[in-house]
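Peer 1: Take this structure first; my questions come after.
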């Protein structure tokens with residue numbers, strides 16, 4: 001099927017990503033708070049390595065000569081999608097480093113001001129906090145993917161729907177402090 005859509009070299013990265021998505025979906029119900037099974041450092045590092053390898057392999061297959069006004073979206077998607085998926089964690093990292101440096105602390109010093117700490121402190125449960133972060137990531141990554149193949153307004157509607165769902169979920173049923 002990938003060959004039919006012009007992705008003849010995307011076989012291995014696509015397969016690795018599809019298998020990892022299946023593994024993570026099967027593992028996720030057991031890892032919801034309170035978790036019955038923990039992935040651990042080795043499992044999470046292997047997962048990160050495989051995802052990074054798939055992204056790098058797919059990104060390395062972009063042919064600069066194939067980029068044109070008509071095909072820019074699908075061609076640039078392997079370059080943009082990893083940044084879209086990592087937008088929330090990267091923003092959290094940059095804000096944490098800036099906050100610590102501004103306070104005269106080491107950028108590597110721990111604190112309780114990360115995004116997930118703030119969401120928990122605002123009265124969200126562990127599960128709701130994780131879901132808000134998942135939905136926020138989806139609100140960035142899905143429109144980027146859609147924009148590569150469909151008109152911009154479909155991506156905008158998708159982003160607004162996901163943002164709206166995230167806001168509604170974050171406002172409902174907060175835990176009392």
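The values are calculated or read from the model by the stated rules, or taken from the named source; none is laboratory data. This one's a predicted model, so the numbers in the text were calculated from it and none came from an experiment. Neighbour counts are summed over all protein chains in view; Cβ atoms, including those assigned to glycine, are modelled from backbone coordinates with ideal geometry.
Peer 1: Do we find a residue being more than 28 Å from residue 79 (Cβ to Cβ), touching a residue at least 12 places away in the same chain (Cβ under 8 Å) and more than 14 Å from the chain's Cα centre (by Cα) anywhere in segment 128-138?
Peer 2: So far as segment 128-138 goes, yes, one or more of its residues are more than 28 Å from residue 79 (Cβ to Cβ), touching a residue at least 12 places away in the same chain (Cβ under 8 Å) and more than 14 Å from the chain's Cα centre (by Cα).
Peer 1: Next question, about the same structure. Within segment 44-78, can you find the residues that are more than 16 Å from residue 15 (Cα to Cα), modelled with pLDDT of 75 or more and loosely packed, with under 13 Cβ neighbours inside 10 Å?
Peer 2: If the condition is that a residue be more than 16 Å from residue 15 (Cα to Cα), modelled with pLDDT of 75 or more and loosely packed, with under 13 Cβ neighbours inside 10 Å, then 44, 45 are the ones that fit.
Peer 1: Might you check whether a residue that is touching a helix residue (DSSP H, G or I) at 6+ places or on another chain (Cβ under 8 Å) and outside any helix (DSSP H, G or I) occurs anywhere in segment 165-173?
Peer 2: Yes, there is a match, as at least one residue in segment 165-173 is touching a helix residue (DSSP H, G or I) at 6+ places or on another chain (Cβ under 8 Å) and outside any helix (DSSP H, G or I).
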